[in-house]
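Presented below is the structure to which this report refers.
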Amino acid sequence: MQQDSKMSFTSHLAELRKRLIICVVAVAAGFGISYNYSDELFKILARPLPPGTTFSFIRLIEPFLTYLKVSLVSGIFLASPVLIYQLWAFIAPGLHENERKWVWPVVFFSTVLFIGGVAFGYLLVIPFGYTYFLSFSSGTIRPMLSMDEYFSFTTKFLLAFGLVFEMPIFILFLSLFGVVDARMLSAYRKYAILAIFIIAAIITPTPDAFSQLLMAAPMLVLYEVGIIITKIFGKKRTPEGAER
């Protein structure tokens, strides 16, 4: 029995190694393709800035390193279908039949919500935020944007938006594990609204109320969507708190 378990564990390690190699090759291929267009990709990332904005660098290799980072992020994005499939192929044998049917819908809607959050931040919030920051320039104060700093700040900001838009999926998981239910979410709505505006004030790039409202508004909508999803798919509770 111990030998069988050991062989099973060894086979799992071999399978994991195989999947990781495929993922690395896919990312490397995506990186190679993206690097040929790294300058265009960086220009796309800088498009929310006001027209005429220029960049500077104080380190000799800063543009090169920035283009490498842009290419890596783009490569991971291009390879994401392969990465998702390899993850699914590795965990699927250990799932029950009723659990497998949830995987692809969750992956699909998680991807859609994440892309929606990134697009929302890129198209609506960042242009207002960066225009506000650059408005402090004057005849004696001129902006000198660093390529590396801009890339790091913008990608972290867009990642935060993508993760925030995963709220309905996160609420659904909490409901499936019996942590929350629709009645509880509705009862604590006023506290959730307060928490949402606090989070919006923290992660928005500017202190003005308009940008914070742009961040808070979709979060409020997503919270209500989470309540609806919980009513449909979540576990029900009796008044005493026991799951049904």
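We did not get these values from a lab; they are worked out from the coordinates using the rules stated. A quick note: this is a predicted structure, and the numbers were derived from the prediction, not measured. Here the Cβ positions follow ideal geometry from the backbone for every residue, glycine too, while neighbour counts run over all protein chains shown.
Some observations on this one:
- Computed E for A187/V24 - FRET, C-beta separation, R0 51 angstrom, nearest 0.05: 0.60
- As a calculated quantity, the FRET efficiency between L68 and L220 at R0 = 41 Å, using C-beta atoms, amounts to about 0.60.
- Span-like helix criteria (full DSSP H runs; alpha carbon extent of at least 27 Å along the helix axis; mean Kyte-Doolittle hydropathy of at least 0.0) are satisfied in the chain by 2-35, 62-91, 97-120, 209-233.
- Hits among lysines - C-alpha to C-alpha of K231 under 24 Å, sequence gap 8 or more where chains match: K101, K190
- FRET efficiency for A201 and S11, using Cβ-Cβ distance with R0 set to 41 Å, rounded to 0.05: 0.20
- A full extension of the chain between L78 and W102 corresponds to an added length of 6.2 nm, given 0.36 nm per residue minus the alpha carbon distance.
- Charge dipole (the chain, unit charges on Cβ, about Cα centre) - positive-most of Y223, F9, N98: N98
- Within the chain, longest stretch clear of exposed chymotrypsin sites (Phe, Trp or Tyr not before Pro) (DSSP loop, no more than 16 other Cβ within 10 Å): 38-135
- Reduced Cα scattering model of the chain, Debye log10 I(q)/I(0), q = 0.07, 0.09, 0.13, 0.16 Å⁻¹: -0.35, -0.57, -1.01, -1.22
- When only Cα pairs below 8 angstrom with a gap of at least 6 residues are kept, the chain shows a relative contact order of 21 percent.
- Between L159 and S56, the simple spin-label model (points 7 angstrom out along Cα→Cβ) gives 2.8 nm.
- Helical runs (DSSP H, four residues minimum) scored at -39500 (n - 2.57) apiece and divided by the length of the chain put the mean residue ellipticity at 222 nm at -25000 deg cm²/dmol.
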